[in-house]
1. On the given criteria, is S327 among the hydroxyl-bearing types (S, T, Y) and assigned to a strand (DSSP E or B)?
2. Starting from residues that are more than 15 Å from S255 (Cα to Cα) and of a type in the set (G, A, S), keep the ones in segment 346-363 and report whichever is nearest to the chain's Cα centre (by Cα).
3. How many of the residues making up segment 201-234 are of a type in the set (V, I, T) and either assigned by TED's automatic domain parsing to the domain that holds G300 or within 12 Å of S94 (Cα to Cα) (or both)?
4. All but one of (1) in the same structural domain as L219 (by TED's automatic domain parsing); (2) out of contact with any strand residue (DSSP E or B) (no Cβ under 7 Å at 6 or more places or on another chain) hold for A65, so report the exception by its number.
5. Can you find even one residue in segment 152-165 that is within 16 Å of K131 (Cβ to Cβ), of a type outside the set (A, V, I, L, M, F, W, C) and in a helix (DSSP H, G or I)?
6. Which number in (1) in a helix (DSSP H, G or I); (2) at pLDDT below 85 marks the one condition that H185 misses?
7. How many of the residues in segment 55-68 are surrounded by fewer than 18 Cβ atoms within 10 Å (Cβ to Cβ), in a strand (DSSP E or B) and of a type outside the set (D, E, K, R)?
8. Does S327 satisfy the condition of being loosely packed, with under 14 Cβ neighbours inside 10 Å and not β-branched (V, I, T)?
Amino acid sequence: MANKHATSFLRSGRLAFALGISVLVVLPLADCSPKSDDSAKASDTASNVTLTEAQRHNIHLYTVALTKFHSTIETSGIVDFDNDQATSVLAPFSGPVSRILVAQGQQVRKGEALAEVDSSDFAAAIGSYRKTLAVAGTARRLADLDKDLLAHQGVSRREEEQAQSDAAGAEADRDAALQALVSLHVDPETIKGIQAGKAVARAQGTIRAPFAGTVAERLITPGAFLTAGTTPCFTVANLSRVWVMAQVFGADVGSIAPGDSAEIETGQAKNLSGKVENIAAVVNPDTRSVAVRVTVDNPGELLKKQMYVRVLIHSRQENSGLLVPVSAVLRDDENLPFVYLALRDGSFARRSVTLGPQTGERYAISAGLKPGDKIVSDGALFIQFMQAQ
């Protein structure tokens, strides 16, 4: 049994010598007596690594200290329209679509025609306005005539007042019919033609842009039947500014507040800047995340709806804690984080740590280290490799 242990020791020694590193190895005792306290302590440090003086020049140590910092929360987000500058254009009247006048992605002006519809609603509204226009005109002439007759005692005051009341009612009906045409987005020139007594060549309605922007979505095709006030036809949006809905988890939510700055990574040479505007009051039951709305200027319309982006939110809230370089943190076989701690005897030992949020190129450490500890910042991978031999 002793020869077997001796052979194992010699093999370990040759390997360590070949790698230029000395490893503390404790041989088990030949007998089966219980380990002493000193032996137990030695076993605890059996995997610690010591380096030669030449090897130490290849690593750098970092002294852990209490530091004030501002967190940067890194997460993902989905691009959406700025709903304050985007709207779904609903069909103002019923009927089949006769012609589409714009293409998706096209820039449009306020009031520009988007599509034409063969609509009985449109024809009925024009007919109603013609009728009320004529009735109101007749009623007003009769009221003016009765007013003149009253001055010459040709009619009673009661008859004159009734005529004035009839004229006012007819004019109210006329104005309501005119408002119906306006709500149907009837062209102002067409309305002027009706008022002048001209005939409308075709009872056709026009769907118009509610404001200037981009036709972000076209939801209808020629021949499709529209239902007034129900069928969505287009989405018109101002794409110079968009929303990014970022997903934030757990304790990071408490670090964010409206007004915090954000960066949107697009894969281009320069990130886009944004600002946190709103934090949702509820947690998504499926992802257990909280939606954070970031408003972003969108030059060149680089960001598209439903695009996935990387979001970095820079918290204005000041924190205090222990920060270590990202390069110092490694992962074990169970993907748990650890660092290499420099011990007083010159060796290096693994120390499990609990990571907080990442701030730039540093991690906040919530457990596992204390101020004054020295850890390996550059060269930790080299030590891990040597330890694995």
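The values are calculated or read from the model by the stated rules, or taken from the named source; none is laboratory data. Just so it is clear, the structure is predicted and the values come from calculations on it, not from any experiment. Neighbour counts run over all protein chains shown; Cβ positions are idealised from the backbone, glycine included.
1. It is false that S327 is among the hydroxyl-bearing types (S, T, Y) and assigned to a strand (DSSP E or B).
2. G360
3. 5
4. Result: A65 fails condition (1) only.
5. Within segment 152-165 (the criterion being within 16 Å of K131 (Cβ to Cβ), of a type outside the set (A, V, I, L, M, F, W, C) and in a helix (DSSP H, G or I)), the answer is no, since none of the residues qualifies.
6. Every listed condition holds for H185 apart from (1).
7. 5
8. Judged against the criteria, S327 is not a match.
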